[in-house]
1. Beyond a 22 Å Cα-Cα separation, which of these cross-linked pairs lie in this structure: Lys86/Lys225; Lys31/Lys124; Lys20/Lys124; Lys36/Lys121; Lys23/Lys124; Lys31/Lys121?
2. By average Cβ neighbour count within 10 Å, what is the ranking of 179-192, 100-113 from highest down?
3. Packing-wise, with mean Cβ within 10 Å as the measure, how do 120-129, 60-69 rank, highest first?
4. Would you kindly calculate the translational diffusion coefficient of segment 150-284, applying Stokes-Einstein with the Kirkwood radius from alpha carbon pairs, for 4 °C and a viscosity of 1.567 mPa s, and quote it in µm² s⁻¹ without decimals?
5. Could you give the distance between the Cα centres of segment 85-122 and segment 217-284, to the whole Å?
6. Ignoring everything except DSSP H segments at least 4 long, calculate the 222 nm mean residue ellipticity for the chain; use -39,500 (n - 2.57) per segment, divide by total residues, nearest 500.
7. Cα-based Rg (one decimal) and Dmax (whole number) for the chain, in Å?
8. Using only the Cα atoms, what convex hull volume per residue in Å³ does segment 88-130 have?
Amino acid sequence: MQTESILEIPQEKSISSPKKSNKTLAFYDFKDGLIKWRIWFLLAYQDIRLRYRRSILGPFWLTLSMAITVYSMGFLYGHLFHIELKDYFPYLVAGMLAWSLISMSLNDLTDTFISYESLLKEIKLPYTLHIQRIAVRNMLIFFHNMIVMLPIYVLFHESAHLNVHTLFLLPCLFLIYINAVFFGLLLAMIAARYRDISQLIKNLIQVVFFITPVMWNPSVLPANKLFFVWGNPIYPFVEMIRAPLLGNLPAFSIIATSLGITVLTIIFSFIIFTRYRSRIIYWL
């Protein structure tokens, strides 16, 4: 099998040499994780294939499930909120695509080291490789799910359309991918040490969904309640995806906030990983 042959390649450098400092070991872990990109990409692709093997539609069951969810929600909540469907439908569908990527990534990344416990103990691979495996898997699922936007572009072209601004989606997704890797690494370490964290994150995500402007627009809130929006660290990343999908550029405040969160996430995650990397295997 191609994946197994790659895994059997001997490593020229050991990232666990006792002569190296914790900081150096952490750096080499990230470096080796990037060098072995073929491994985590093939493993991510294999995860999706195995989940839907022997089914007719295969991975497109993901897209069908997403389509049924967002189309039914758009029709129902559009009438409940008394909003024109041509305005609400594109806003909701794009927001749900963004939320699906973010929430699935948080849920899956939290359980990374717990899920791959046996693999971590049997095969010497960088810890970050397993994080990138899950991050890229959810990215591939997101690209599958983007198909649900095609009917929106046709039926509601006044509110959602493809243009040059849509290309801005690529750097936005790259920024979200970086956050998924570093923040996911942090969550995976904490969840490996404290097993209750996994359940806490899953329950918290369900609550955060309702206070994040996915189904509703921030403009419905009075000025003194907008802290629910701007104090929500997930909202900027939802907008970083939703705006390009609708053919718009994200607001400068959204971009600045996302970049600020990304920098803080990288710094804090690297510090924690440097200090506790050697203990991860003993927590499993």
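No value in this document is a laboratory result; all are computed from the given coordinates. What you see is a predicted model, and the numbers here were worked out from it, not measured in a lab. With ideal geometry, Cβ positions are generated from the backbone for all residues, glycine too; neighbour counts draw on all protein chains shown.
1. Lys86/Lys225, as the Cα separations exceed 22 Å there.
2. 179-192, 100-113
3. In decreasing order of mean packing, 120-129, 60-69 become 120-129, 60-69.
4. Rounded, D is 76 µm²/s.
5. Using only Cα atoms, the two centres lie 14 Å from each other.
6. -23000 deg cm²/dmol
7. Here Rg and the maximum Cα pair distance are 20.2, 66 Å.
8. Considering the Cα atoms of segment 88-130, their hull volume per residue is 61 Å³.
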